[in-house]
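Data first, discussion second: the structure below is written as structure tokens.
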Amino acid sequence: MGYLNKILPVATVILLAGCADKAPKTIYTWDGYQDAVYHYYTQQTSPQEQIATLQKLVEKSRAGTKPVPPGVHAQLGMLYNNTGNAAQAMSEFNAEKAQYPESASYINFLTAKK
């Protein structure tokens, strides 16, 4: 029993030290997405600036091994729609639905003719 009481703390320290060296892996490359959206809605950036930021994020995701994060194409679609580019907006909305089928009802709501 005394031997186990000495080994257990050492093993715990070794195990935790091994875990501490590994950075958490993420599924997506967010790369400033939250900041870009925040700056847009607080009117710190223009729609064109946010479009450029999000397009870079899409390009970076496609160039790497991670998928485009959910909501990015939808946000781009709304931005394109707000700037009068309806065709590009629909393209982005369709890209969101294709990549994330669970977003279809929301995208359909956004694109419904009123």
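The values are calculated or read from the model by the stated rules, or taken from the named source; none is laboratory data. Computed from a predicted model, the values in this text were never measured in an experiment. As a convention, Cβ positions derive from the backbone with ideal geometry for all residues, glycine included, and neighbour counts pool all protein chains shown. Each accessible area value is taken on the protein alone, full model and side chains, heavy atoms only, with ligands, DNA and RNA left out. Shrake-Rupley method; radii C 1.70, N 1.55, O 1.52, S 1.80 Å.
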*Averaging sequence separations of C-alpha pairs under 8 Å and six or more residues apart, then dividing by the length of the stretch 43-111, give the relative contact order as a whole percent.*
24
_SER105 paired with HIS39, simple spin-label distance in nm, labels 7 Å along Cα-to-beta-carbon_ = 3.5
*Send over a whole-number figure in Å² for the accessible area per residue of the stretch 52-114, probe 1.4 Å.*
58
*Counting only Cα, what are the radius of gyration and maximum Cα-Cα distance Dmax of the stretch 30-106, in Å?*
11.9, 32
